[in-house]
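FYI, it's all coordinate maths here, none of it is from the lab. This is a predicted model, so every value here is computed, not measured.
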Amino acid sequence: MKNMNTTLEIPEGSKATMLPIQKIEYSIALLKKAEPLALKINERGFRLAFSGGKDSQVLYELAKMAGVKFHAEMQVTTLDPPELMKFVRKNYPEVNMNLPEINFYKLIREKGMLPLRHIRYCCAYLKESAGVGSVTLIGIRAAESVKRAKRHEIEISGRKGEEYTLDQFEEHNETEHRCINGKDEIIISPILKWSDADVWNFIRGKGLEYCSLYDKGYHRIGCMFCPMANRKIKALDRKNYPGVEREIKKTIQWLIDNKGYMSDHNATADEIFDWWFLGDRSTAQYFGMLRNQMELNF
């Protein structure tokens, strides 16, 4: 596999400051250059990680424009908004929907605790377990967060943050090639340097239908009540999905009754949910403040 370096001919400026049409051309060129590697590893070509969100829509369309071989896979988490599931089924029926062995609520019971910002076992189990032994396309962008701004266009799972070029995976380079035969995968982010405006201009320019949640205050679409979401998004979830809140509280009550969850705080399911929902304080801080308020009220 020769001449597979990702150094492409780019007009003036860095990838971050290219004009929208230049970014489209660059992303397509990257996909075309990476395709031989994807086919070498898996005859099905790229595995395109699809979520139904705006970024994965752009990624999907770019892969079609590039004419590369790929199969789109969506990891269903059981906490995907119903509007999103309906949208994907209607507009992307060819996307494979992979169901987990157990749902979110049973996973909480199995783990004996709620997922937290720093212990996101739900992502590891429900979303990130697929893609082993493949070249996976993902739609992350540097503009989304400080953490993602540190990512690179080509990485190996488990070594995120380390930068690679396609020529490092040539046939004679056994050290890098072996990584995909075990638990790792090669990850390529073709729209890493795209801005929010680039994404929306592309979608509107192509006349693509998008999930209705974007018109209801959501700027990003993910799992309902995700610990990583900001308060505004969580507030929308609480307003729009009261049934999900009730199910989470039922699960918390099960943890209390069967696992003695947070017994040291003598907290109710409602109180634990509110602490988890806010997600910005330790249990000692939150429940200490709560008890102090209760004492003052008496």
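Here's how it looks for L116: its modeled amide H is under 5 Å from those of Y121, which are all 5 or more places away or on a different chain. Over the stretch 179-271, Cα pairs under 8 Å with separation of 6+ residues give a relative contact order of 13 percent. Computed from phi, the 3J(HN,Hα) profile of the stretch 93-110 under the Karplus parametrisation 6.51, -1.76, 1.60 (θ = phi - 60°) reads x, 7, 6, 6, 9, 9, 8, x, 5, 10, 7, 4, 5, 5, 5, 4, 4, 5 Hz, with x in place of Gly and Pro. For the stretch 222-298, a/c is not less than 1.5, where a ≥ b ≥ c are the root eigenvalues of the C-alpha gyration tensor, and a/b does not top b/c. That puts it in the oblate class. Remark on S134: its backbone amide H falls under 5 Å from those of I186, a criterion applied only to residues 5 or more positions apart or on other chains, H modelled at 1.01 Å from N. Scanning residues 5 or more positions from M74 or on other chains, those with amide H under 5 Å from its amide H are F50, N96, M97, N98, with H placed 1.01 Å from N in the peptide plane.
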